[in-house]
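The values are calculated or read from the model by the stated rules, or taken from the named source; none is laboratory data. Given the structure is predicted, the values throughout are model-derived calculations rather than measurements. All Cβ positions, glycine included, derive from the backbone under ideal geometry; neighbour counts span all protein chains shown. The accessibility values were calculated without ligands, DNA or RNA, using every heavy atom of the protein model including side chains. Shrake-Rupley method; radii C 1.70, N 1.55, O 1.52, S 1.80 Å.
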Amino acid sequence: MKNNTCSILVALACAGAALFSPAAAAAVHDISSVPTAITLAQGGSLTFGDKFKAGNKDNVFVDHFTFNVAQLSDLSLVLTSTSTSAANGLNLTGFGLYNSANSSLLQGTQVLTGKDDKWTLSFANLSAGSYYVKVSGNLASGAGATFSGNGSLISAVPEPATYGMLLGGLGLLGFLARRRQKPL
């Protein structure tokens, strides 16, 4: 009975040591935010981002930002994060565009990494429908951190006023060409 008690005490001591070891304290947690809808501003500009509190060193996130496209459009986005050094703030590890069926349409391009993280993404002729951008990363330090994205969603189909200006310009060119052809 005494050997069993010793064995149980040793097992509890080992479990307690493992529980309070630095490796156990540094467990990685998912600190992703709830998917957020992006509101398009007048002219098709859009902004999105997230802010993380201090005390999240090594934790990871995968944030989704949803939006709808009403007509054929061109999408252009820039994602950035700035820190005091590469060892502080956060590391952006992924940036992509997905449709409502969770199919990847395009992965962003990493332009900068380190103190400043920057990613870009451009997609021409995005059809009408529901989409989301996915931003992933991890926090490099225990300090708080933020990232932000901005861009534009521009209609690929010209507005009626654009067609009117085009026809007016062509009419003016035709008038000038005909005027030059008349003999003096």
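What to note about this one:
- Per this entry, Asn56 is counted among residues that are of a type in the set (S, T, N, Q), in contact with a strand residue (DSSP E or B) (Cβ under 6 Å, 6 or more places away or on another chain) and modelled with pLDDT of 90 or more.
- Taken over the range 69-111, the criterion of being farther than 22 Å from Ser32 by Cα and in contact (Cβ under 8 Å) with a residue 24 or more places away in the chain is satisfied by Val69, Ala70, Gln71, Leu72, Ser73, Asp74, Leu75, Ser76, Thr84, Ser85.
- Flag: Ser122 does not match the condition of being free of Cβ contacts under 8 Å to residues at least 12 places away in the same chain and farther than 18 Å from Lys53 by Cα.
- Identity of the residue in the range 111-123, at pLDDT 95 or above and open to solvent by 60 Å² or more (accessible area, probe 1.4 Å), that ends up nearest to Ser76 (Cα to Cα): Ser122
- Each residue in the range 105-139 was checked for being in a strand (DSSP E or B), under 20 Å from Asn68 (Cβ atoms) and more than 13 Å from the chain's Cα centre (by Cα), and 7 pass.
- Only one of Leu90, Leu97, Leu75, Leu126 that is open to solvent by less than 30 Å² (accessible area, probe 1.4 Å), of a type outside the set (Ser, Thr, Tyr) and under 20 Å from Asn56 (Cβ atoms): Leu90
- Hey, Phe147 touching a Pro at 6+ places or on another chain (Cβ under 9 Å) and either at pLDDT 90 or above or in a strand (DSSP E or B) (or both) or not: no
- Options Gly114, Gly164: the member that is more than 17 Å from Ser45 (Cα to Cα) and in contact (Cβ under 8 Å) with a residue 24 or more places away in the chain: Gly114
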